[in-house]
Amino acid sequence: MNFWKALLAIDRRWIFLFVFLALAVPMFLNVDFELSISREVQGLYDALDKLQPNSKVLMSFDYDPPSAPELQPMADAIMKYCLKKRLRIIIMGLWPQGPIQANMALNRAFAEDDIDESEYVYGIHYVNLGYQAGNEFVIQRMGSSFYDMFKNDYAGNRYEELPLMRGIKNFNDIDFSINFSAGYPGTVEWVQIAVDRFHVRLGAGNTAVQAPQVYPYYNSGQIVGLAGGMRGAAELEGVFAKGDGGRVEYKDKGTKYMFSQTIAHAVVMFFIVVGNIAYFVIGRKDKLKASR
């Protein structure tokens, strides 16, 4: 009995410590961690895999640093894949910080051993058009003219000076679009305008909070694929690794964060179960004493 009472009286700081260790320690481990691939993530991979080299992919980075732990890993994974596949990448953002997050994804991709940065020329193989204010009205205007919205790129270069953009007038000249979204404006607006009005083929990466709003668009066929939250990022890393014939090793951020989160959840569940057992054992003993 003293054991169960002592368990219930444990200082909560010990619980916090165990949860912290459960989150931190797995970050430094090197183990295989595979997740089953959901059909929505598989759909996103299949759409990218079917694109031919030199296909034009539009990426809209509609999130900021607070949402980066969930969205940056999936953006990094997709950026690496598109560069390896020799797709032409056009970057933009409806959030001010979006183009900065895109440059981070580019820099991480170019740091990979199997991607030679010298083989990719800015303005020819990829461009960053930067941020444009106007929310969903930017998307609407892009349906008729990209140039009207982006007369200069993120670095100040004129639109017509970028070889990649010379043959692009509107969405009709884009082979596939991807939206990384943490809220408004984001995937909902891209579906309502780019997909429904201009028939854009769209894939999405969303925070876990926003993903439930977006799943109906996947189920209805309005978007071809969806990665939701940290789990979606880890699945993307896994499906890309399998597509390249590799193993899903515990090395990329999405997989690493997901493994860490899984261990932390297990620790929390352990304390909940043990705490409830202790509560009922003590309660039963107290009732027996009272009945004597």
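The values are calculated or read from the model by the stated rules, or taken from the named source; none is laboratory data. Being a predicted model, the structure only gives us computed values, none of them experimental. Here Cβ is always computed from backbone atoms with ideal geometry, including for glycine, and neighbour counts include all displayed protein chains.
Out of all the residues in region 1-56, which are polar (S, T, N, Q) and within 17 Å of Ala233 (Cα to Cα)?
If the condition is that a residue be polar (S, T, N, Q) and within 17 Å of Ala233 (Cα to Cα), then Ser36, Ser38, Gln42 are the ones that fit.
Within region 33-91, restricting attention to residues that are in contact with a strand residue (DSSP E or B) (Cβ under 9 Å, 6 or more places away or on another chain) and acidic (Asp, Glu), the residue that is farthest from Leu129 (Cα to Cα) is Glu40. Every test in (1) under 30 Å from Met269 (Cβ atoms); (2) outside any helix (DSSP H, G or I); (3) modelled with pLDDT of 95 or more is passed by Pro96 save one, and that test is (1). Cβ separations smaller than 8 Å between residues 6+ apart or across chains give the following pairs from region 1-27 residues that are loosely packed, with under 12 Cβ neighbours inside 10 Å to residues that are in a helix (DSSP H, G or I) and of a type in the set (D, E, K, R): Met1/Lys285. Of the residues that make up region 163-174, is at least one at positive phi, more than 20 Å from the chain's Cα centre (by Cα) and not polar (S, T, N, Q)? The answer is no, given that none of the residues of region 163-174 is at positive phi, more than 20 Å from the chain's Cα centre (by Cα) and not polar (S, T, N, Q). Looking across region 207-217, the residues that are surrounded by 16 or more Cβ atoms within 10 Å (Cβ to Cβ), free of Cβ contacts under 8 Å to residues at least 40 places away in the same chain and not aromatic (Phe, Trp, Tyr) come down to Gln210, Ala211, Val214. Of all residues in region 143-173, those satisfying the criterion of being in contact with a helix residue (DSSP H, G or I) (Cβ under 9 Å, 6 or more places away or on another chain), within 30 Å of Thr207 (Cβ to Cβ) and assigned to a loop (DSSP other than H, G, I, E, B) are Gly143, Phe150, Asp153, Tyr154, Ile168, Asn170.
The one condition from (1) of a type outside the set (Lys, Arg); (2) touching an Asp or Glu at 6+ places or on another chain (Cβ under 9 Å); (3) over 21 Å from Asp153 (Cα atoms) that Leu87 does not meet is (3). Listed conditions (1) in contact with a Phe, Trp or Tyr (Cβ under 6 Å, 6 or more places away or on another chain); (2) of a type outside the set (Gly, Ala, Ser); (3) at pLDDT 90 or above; (4) over 30 Å from Leu164 (Cα atoms) are all met by Tyr250, apart from (3). For Asn179, the criteria (1) out of contact with any helix residue (DSSP H, G or I) (no Cβ under 7 Å at 6 or more places or on another chain); (2) closer than 21 Å to Ala68 by Cβ hold in every case but one, which is (1). Within region 191-205, residues that are assigned by TED's automatic domain parsing to the domain that holds Gly43 and over 15 Å from Asn135 (Cβ atoms) reach partners that are acidic (Asp, Glu) and outside any helix (DSSP H, G or I) with beta carbons closer than 8 Å, at six or more positions or on different chains, in the pairs Arg201/Asp175. Taking region 28-49 as the range and being small (Gly, Ala, Ser), surrounded by 12 or more Cβ atoms within 10 Å (Cβ to Cβ) and assigned to a loop (DSSP other than H, G, I, E, B) as the test, only Ser38 passes.
Every residue, every condition in (1) outside the structural domain of Gly232 (by TED's automatic domain parsing); (2) in a helix (DSSP H, G or I); (3) surrounded by fewer than 22 Cβ atoms within 10 Å (Cβ to Cβ), yes or no:
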residue	(1), (2), (3)
Leu51	no, no, yes
Met59	no, no, no
Glu70	no, yes, no
Pro73	no, yes, no
Lys80	no, yes, no
Leu83	no, yes, no
Met104	no, yes, yes
Glu112	no, no, yes
Ile115	no, no, yes
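Selection of region 138-155 for residues being free of Cβ contacts under 8 Å to residues at least 12 places away in the same chain and surrounded by 15 or more Cβ atoms within 10 Å (Cβ to Cβ) yields only Arg141. The condition (being assigned to a loop (DSSP other than H, G, I, E, B), modelled with pLDDT of 90 or more and more than 30 Å from Val19 (Cβ to Cβ)) is satisfied by just one residue among Gln192, Gln222: Gln222. Under the condition of being hydrophobic (A, V, I, L, M, F, W, C), over 26 Å from Lys84 (Cα atoms) and in contact with a strand residue (DSSP E or B) (Cβ under 9 Å, 6 or more places away or on another chain), the residues counted in region 125-145 number 3.
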